[in-house]
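Enquirer: The structure is given below, and queries will be raised subsequently.
The values are calculated or read from the model by the stated rules, or taken from the named source; none is laboratory data. This is a predicted model, so every value here is computed, not measured. Counting neighbours? That spans all protein chains shown, and the Cβs are built from the backbone with ideal geometry, glycine included.
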Ligand SMILES: Cc1ncc(COP(=O)(O)O)c(C=O)c1O
């Protein structure tokens, strides 16, 4: 019996033969006030799950685009507590769309793992993806997350060995995030046939849905990826769009929608 | 000190298989780096005990670096201070001018044994960048060095040196434009080019196995001091002093002495404009545990967990984190960590130049500043070994500029 919002959403998608469209935006980028409207806009465009970035000063697994997004968010005054508040604001009008907070470990340690997990769960957060916390280093955060009913989403990469894939497959809940490229977010090369093969292979080791991110730039990428995987995660193109509109933040929600709608359409007709 | 002598002699100083020193260290990296780190760990654990590898490493240290480096009695300075006898471990006499080359030689050999044609490095003061460019030239490897834009400005002689050696120097404009940002950028390069690239980290920070292997390559310093001190003054030193940026020259000196309870150990961090200001780079003195650049360790951050911008007159100490083994040694009380301010370091820089005829690196000058304080509190029949981690040629422009002197 599935009990988290993420699991319910994944099962509903499966039942209707559709794939998950998962946008990533950074909370507070470029200003805190734009984030909640942007979240509602991506849902209107057909997003199934939202990955909301918790900005960190030293995001060493991210490329320049996401790094600048985090910098803008921190400069706008966004904090980890602010990210949690953003989610409770969003929940006032949307109680269905699952939300995953994605970021780095140090801000969570600074707040305290237990306090953070309790606050996040109370605000309506559904899952956590901590980029620099592989299963080998799981500590009190994992316990607190479990106690508060939060899914913990882990990453797998092209270089992940079978042995680690099994460990990761056991640790991850909600879905597995497959990083489709060697490299950082925003890298340009995406070999879609490689990804399809790899996803098919990983299914031998992993029972949860597999969603693919890094390098998905347009509707065609999203459609091809979703034909093999259970979902497409779209980040850097959205953060780039936010960057292009820093001086007109009121235009951001519609601009994000305009990027995601064709992706949604292509994914649905493809399926 | 909280530990009994017996406890101290039997403590575990090796990391566990996950690279943890007590609660610190580990491998807090994204999945994209895990395979590369595991592979590096595997090849290091094998090569560490491979006699051919060790022989080649030792031979390079002897013929290319010029080891062993002397243990020099700073007799005049000791007399002026009027306390303990001060000895300098002369890492400044190494080829390329600092201790950094010990580690670089070791890692470049690892790169060679693992068949990687390209090496990358991050650098703060430029010493590690120069050392990496040097060994890359010698082994015919392509070399790219990441350096913060601010550091490029304050360490320009070393930037030019790297270019002369055939390396590409990439200016890092993000964040605080110093060492921490260069390290992030080097990690990004490594994730992207992991198949053909070896990342030569310049200090004992970063994910496992780097803190261990960088320590092991620098531990030649402490091993030499062990026999040199016996030969010169018939016993181990009463105290060891070294500056701590990431902590590689310090751990290199300390590590072989960790079980020798009679030897007191002092690491000196950059207290910048004072530990009570926010403008310093002293995570062990006034930071707290967190996770940065792949390791759990003491670091400097704000209340929201964002990494702080640090300040130090010396680029090589201007880093908000520190090697996880130092975090462990602090917590168990085996080593003491103290600070020296910009002003104290500059005073020591001049004093040692004029009294001993050795111009020290600004990083080293922090260790010298504390050595002076410590020596004054000790007796003339006691001894201190201070790691002269590098020479000050690279810093003369910085010092001149601060003192309003134009050299061009
Ligand atoms: C001469 C010298 N000493 C010390 C340091 C600090 O590094 P670590 O703490 O790793 O020895 C540097 C770094 O650039 C250096 O050049």
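Enquirer: Quick check: is even one residue across the stretch B:237-255 away from the ligand (no atom under 13 Å from the Cβ), without any contact (Cβ under 8 Å) to a residue 40 or more places away in the chain and either under 30 Å from residue B:75 (Cα atoms) or not in a strand (DSSP E or B) (or both)?
Expert: No, the stretch B:237-255 has no match at all.
Enquirer: Mind checking which residues of the stretch B:315-333 are in contact with a helix residue (DSSP H, G or I) (Cβ under 8 Å, 6 or more places away or on another chain) and part of a helix (DSSP H, G or I)?
Expert: If the condition is that a residue be in contact with a helix residue (DSSP H, G or I) (Cβ under 8 Å, 6 or more places away or on another chain) and part of a helix (DSSP H, G or I), then B:315, B:316, B:317, B:324, B:325, B:326, B:327, B:329, B:330 are the ones that fit.
Enquirer: Enumerate the pairs (first residue in the stretch A:42-68 and within 8 Å of chain B (Cβ to nearest Cβ) and part of a helix (DSSP H, G or I); second residue anywhere and crowded, with 24+ Cβ neighbours inside 10 Å and at pLDDT below 95) with beta-carbon separation below 7 Å, excluding pairs fewer than 6 apart on the same chain, so at least 6 apart or on different chains.
Expert: A:67/A:59
Enquirer: I'd like to verify a number: residues in the stretch B:257-270 that are within 16 Å of the ligand (Cβ to nearest atom) and surrounded by fewer than 24 Cβ atoms within 10 Å (Cβ to Cβ), how many?
Expert: 2
Enquirer: Can I ask one more? Would you pick out the residues in the stretch B:278-292 that are modelled with pLDDT of 95 or more and more than 22 Å from residue B:22 (Cα to Cα)?
Expert: B:279, B:280, B:281, listed by residue number.
Enquirer: Is one or more of the residues making up the stretch B:350-367 over 23 Å from the mean Cα position of the chain (by Cα) and part of a loop (DSSP other than H, G, I, E, B)?
Expert: Yes, some residue in the stretch B:350-367 is over 23 Å from the mean Cα position of the chain (by Cα) and part of a loop (DSSP other than H, G, I, E, B).
Enquirer: Among what's in the stretch B:368-389 and is farther than 24 Å from residue B:231 by Cα and either outside any helix (DSSP H, G or I) or within 16 Å of the ligand (Cβ to nearest atom) (or both), pick the residue that is farthest from the other protein chains (Cβ to nearest Cβ).
Expert: B:377
Enquirer: Something else: Testing residue B:289 on (1) surrounded by 21 or more Cβ atoms within 10 Å (Cβ to Cβ); (2) within 12 Å of chain A (Cβ to nearest Cβ); (3) closer than 23 Å to residue B:11 by Cα, one condition comes back false. Which one is that?
Expert: Single failed check for residue B:289: (1).
Enquirer: Could you please find all residues in the stretch B:167-198 being away from chain A (no Cβ under 12 Å) and under 21 Å from the mean Cα position of the chain (by Cα)?
Expert: B:169, B:177, B:198
Enquirer: Shifting gears a bit: Which count do you get for residues in the stretch B:95-122 that are within 14 Å of another protein chain (Cβ to nearest Cβ) and within 16 Å of the ligand (Cβ to nearest atom)?
Expert: Number of matching residues: 1.
Enquirer: When only residues in the stretch B:199-210 that are within 13 Å of another protein chain (Cβ to nearest Cβ) and outside any strand (DSSP E or B) count, which is nearest to the ligand (Cβ to nearest atom)?
Expert: Selected residue: B:205.
Enquirer: Could I ask something else about it? Here are some residues: B:161, B:138, B:90. Which one is within 24 Å of residue B:250 (Cβ to Cβ) and surrounded by fewer than 24 Cβ atoms within 10 Å (Cβ to Cβ)?
Expert: B:90
Enquirer: Kindly indicate which of B:312, B:303 is surrounded by fewer than 24 Cβ atoms within 10 Å (Cβ to Cβ) and outside any helix (DSSP H, G or I).
Expert: Of B:312, B:303, the one residue that is surrounded by fewer than 24 Cβ atoms within 10 Å (Cβ to Cβ) and outside any helix (DSSP H, G or I) is B:303.
Enquirer: Any chance you could count how many residues in the stretch B:123-159 are more than 16 Å from the ligand (Cβ to nearest atom) and either in contact with a strand residue (DSSP E or B) (Cβ under 6 Å, 6 or more places away or on another chain) or assigned to a helix (DSSP H, G or I) (or both)?
Expert: 9
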